Amino acid sequence: MTMSSSNSKIIAIDGPAASGKGTLARALADALDFAYMDTGALYRAVGFEVLFAGGNPESESDALHGCNILSQKLNSDDTILSNPDLRNDKIGNAASKVAAIQSVRDALLDIQRNFAKNPAIGKAGAILDGRDIGTVVCPRASLKLYITANMEIRAKRRMKELQSKGFGVTYKAVLEDMRVRDARDKGRKAAPLMPSGDAIVIDTSDLSQGQMLEKALEYAKKAFS
Ligand code: DC
């Protein structure tokens, strides 16, 4: 595991859908007063733009067009990544498709690296969560966590999350969607989802949110001491 190997205070958190990485990343950012970026929202926003334009998320030209629109919008509206419409599974699937295209990943790289290097004023460091933060975006992060949990538990968590937001979904559909998305995210050639060799792997299947945070804070303390 990498501990204090660079001067920048960057925490990379990767893992599959609904592993708990987003909840953990937010709680950790609050506890440490770090800036936080949900990099999945970038891919979701590209997927959203492609679908909105009636395009195909597997088409490189449609996806790159979506990236261009997103870049323009990000210049004028920094709330765009918190759009609740990005959170449904249709957009999640489109995101996973555009994310398999290398040129899309390249187009989104600088946004992520700039955020990591220049967290908001007054913040002590940056936390980014996604699929390739420890392997590609911030390979020199001071601390890398890979958050996972068994698929049934992740599907239940995702179902509850979607239902709480008013989306009518069934467990079976969410589980199937998760299987397909995991296989695509892990099997793609471009920056496949996998733990970086120096990441600390945390299985959250039997952990509460409080226990997750406690563990992560211990690792952060060691990383930045
Ligand atoms: O974390 P999420 O479910 O919001 O991510 C949506 C999709 O975006 C996910 O299926 C894969 C892709 N993604 C990625 O390829 N790399 C990232 N760093 C973040 C997300």
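Residue-wise test of (1) in a helix (DSSP H, G or I); (2) free of Cβ contacts under 8 Å to residues at least 24 places away in the same chain; (3) among the basic types (Lys, Arg); (4) more than 8 Å from the ligand (Cβ to nearest atom).
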{"site": "93", "(1), (2), (3), (4)": "yes, no, no, no"}
{"site": "96", "(1), (2), (3), (4)": "yes, no, no, no"}
{"site": "115", "(1), (2), (3), (4)": "yes, no, no, yes"}
{"site": "121", "(1), (2), (3), (4)": "no, yes, no, yes"}
{"site": "135", "(1), (2), (3), (4)": "yes, no, no, yes"}
{"site": "139", "(1), (2), (3), (4)": "no, no, no, yes"}
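Looking at the stretch 51-74, which of its residues are farther than 15 Å from residue 89 by Cα and open to solvent by less than 20 Å² (accessible area, probe 1.4 Å)? Scanning the stretch 51-74 gives 63, 66, 67, 70. When the stretch 23-34 is filtered for residues that are among the small types (Gly, Ala, Ser) and crowded, with 21+ Cβ neighbours inside 10 Å, the ones remaining, listed by number, are 25, 29.
The set of residues in the stretch 105-163 being open to solvent by 60 Å² or more (accessible area, probe 1.4 Å) and among the aliphatic types (A, V, I, L, M) consists of 121 alone. Flag not set for residue 50, criterion: within 11 Å of the ligand (Cβ to nearest atom), out of contact with any Ser or Thr (no Cβ under 6 Å at 6 or more places or on another chain) and touching a residue at least 24 places away in the same chain (Cβ under 8 Å).
Rundown of residues vs (1) touching a residue at least 40 places away in the same chain (Cβ under 8 Å); (2) under 19 Å from residue 134 (Cα atoms); (3) part of a strand (DSSP E or B); (4) out of contact with any strand residue (DSSP E or B) (no Cβ under 6 Å at 6 or more places or on another chain), yes/no style:
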residue: 155; (1), (2), (3), (4): yes, no, no, yes
residue: 158; (1), (2), (3), (4): yes, no, no, yes
residue: 168; (1), (2), (3), (4): no, no, no, yes
residue: 176; (1), (2), (3), (4): no, no, no, yes
residue: 183; (1), (2), (3), (4): no, no, no, yes
residue: 196; (1), (2), (3), (4): yes, yes, no, no
residue: 207; (1), (2), (3), (4): yes, no, no, yes
residue: 210; (1), (2), (3), (4): no, no, no, yes
residue: 222; (1), (2), (3), (4): yes, yes, no, yes
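Go through the residues of the stretch 178-185 one by one and say whether even a single one is within 15 Å of the chain's Cα centre (by Cα) and farther than 19 Å from residue 44 by Cα. No: the stretch 178-185 contains no residue that is within 15 Å of the chain's Cα centre (by Cα) and farther than 19 Å from residue 44 by Cα.
The values are calculated or read from the model by the stated rules, or taken from the named source; none is laboratory data. Everything quoted here is computed from the prediction, not taken from an experiment. Here Cβ is always computed from backbone atoms with ideal geometry, including for glycine, and neighbour counts include all displayed protein chains. Just the protein is used for accessible areas: all its heavy atoms, side chains included, with ligands, DNA and RNA removed. Shrake-Rupley method; radii C 1.70, N 1.55, O 1.52, S 1.80 Å.
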